[in-house]
Every structure is written in structure tokens, then in C-alpha cells.
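Notes to accompany the following structure.
Rule-based calculations on the coordinates, nothing more; no lab input. All figures in this text were calculated on a predicted structure; none of them were measured in a lab. Virtual Cβ from ideal backbone geometry, glycine too; neighbours counted across all protein chains shown.
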Amino acid sequence: MLLATSMDSRYLSNGYVVGDEPGGVCVFVDSGAPLEPLLAFIEEHRLTPTHVLRTHSHGDHVVHEAELGLPVVLGPLVTGGLTVEAIPTPGHSDDMVCFVINDQWVFSGDTLFKDAVGGGTFEAIRHAVMDVYMAMPHERRVLPGHTDETTIGREWEHNPFVRVWRGIEPEGTERVSVVGRDATLIGWSPDYDGKGKAWVRFDDGTDAIVGGSRVERG
């Protein structure tokens, strides 16, 4: 397979092109990044675009979708030498889907990142990460909706949330405030934007995954 990546400088959102072989077909995965490098890649390898795979409908992932003029796919697909499996992973958004292409690469949208997970409904995110992603082959490449790629195996070993969910690391005990609401900081990761991502437990027992900028520490 052939792969090209583009990233938006403001939102750090990725757009991808996946081709089957030079002179063959390709698909876009999300369209929230500059198209120029992706279109140049398509021309260089003489590819014919057939579809756009949409991981979810948030604006930073669909901004250039209409410009492409291609059918938008939310489910499984076979085109040329590409076989696409679509796995619903709601949590960050109700329509979140991850796409596994040719059993090799998974495009994770905003659910799983290098060293972080997406914000959203806690139990749904935990289920998607632990029961869907962590059940995949550890050598599988993970191409997320923002910034750096990773692998399933790397996140199994190093992702701070996964390590707590696995029982490798203890839950945290630091007291924090989340937009004026008292909570305990259970887990923390650097996140893709440098602002951090927090797993907090409010004093009523409710768990949530929130952006680090919402957490007042110390």
C-alpha cells in the first residue's frame, strides 16, 4: 500500500491518502488538512481517487470534503486492491468510526492517539480503546486524527490511560478542580496538542476524560 499524510497547522488534524499500488486506486481518510500535498502524491503515483472515508463529522476532519467531489463512506468498502473494514467506536462523537485497511493499518480518528485517548463519554471511550483497539494485532500501525502515528503495541505498553486500565499503574490520588468542580485526578497524558488530557473522578463518583486546560492542579 501507499500512504501520504497532511496535517493542518492550526488544528493539527490529519488527512490521509491510501493507495493500493502505483497506477491504481486510492481513498482519502478525512479531509481536515491541506489537500495540496495529498493531491501531489496522487499525481506522482498516478492514482485514481474513488472515495473519502470519514472517521467522524467534526469540522476539523471534514473541512475539505466537498472540494474532493467523491462519495463519502462511513462503512465497509472494497475498491481496487483496498479492503476497508469499518468499526463503530462512539464516545468522542456518536458517529465515530475507525477504518482498518487491508488488515494492516487502522485510522483511529479522535479515539486513540499516541500517548492519549480522545475526550468524550468515559465508558464508551474505555470500551473502544480496551476492547476494540487493544484487541488488535500489536504490530498494526495506528494513524490517528491528529499528529503522530503509533502502533497498537506501543500504546499497550506506554499509553498512560491504557496502563491504568490494565492495572499496570495505580490510579492517581491528586485533588484537582475541573471548571470549579472538585475531583480526583486518576490519570494524565501529554495529549497531541501539548495541553494534556485528564481522566478525573468527580466527588459523586462520575468519571470523565477532559482536556487538560480544564483542570486546575495544585
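In vacuo Debye scattering of the stretch 30-131, one point per C-alpha: log10 I(q)/I(0) at q = 0.16, 0.24 Å⁻¹? For the stretch 30-131 at q = 0.16, 0.24 Å⁻¹, log10 I(q)/I(0) is -0.74, -1.38.
Here the scattering of the chain is modelled by Debye summation over its C-alpha atoms, one equal scatterer each and no solvent; at q = 0.12, 0.15, 0.16 Å⁻¹ the log10 of I(q)/I(0) is -0.62, -0.92, -1.02.
Reported to the nearest whole Å, the Cα centre-to-centre distance from the stretch 1-16 to the stretch 134-187 is 23. Normalising the average separation of contacting C-alpha pairs (under 8 angstrom, six or more residues apart) by the number of residues puts the relative contact order of the chain at 13 percent. Of the two radii for the stretch 174-216, the radius of gyration is 0.94 times the Kirkwood radius, both from the alpha carbons; that is the Rg over Rh value.
If only the Cβ of Lys and Arg carry +1 and only the Cβ of Asp and Glu carry -1, the dipole of the stretch 24-169 around its Cα centre is close to 300 debye. Of Val176, Gly218, Gly196, which is farthest along the charge dipole of the stretch 156-218 in the positive direction, counting Lys and Arg as +1 and Asp and Glu as -1 at C-beta? Highest projection toward the positive end goes to Gly196. Find how many whole Å separate the alpha carbon centroid of the stretch 60-111 from the alpha carbon centroid of the stretch 199-218. Cα centres, the stretch 199-218 to the stretch 60-111: 30 Å. Of the residues Gly15, Leu77, Ala208, the one whose Cα sits farthest toward the positive end of the charge dipole of the chain, with +1 on the Cβ of Lys and Arg and -1 on the Cβ of Asp and Glu, is Ala208. Relative to the current alpha-carbon distance between Val179 and Met1, full extension at 0.36 nm per residue lengthens the span by 59.5 nm.
Per-residue packing, averaged as other Cβ atoms within 10 Å, sorts the ranges 104-115, 45-56 into the order 104-115, 45-56, beginning with the highest.
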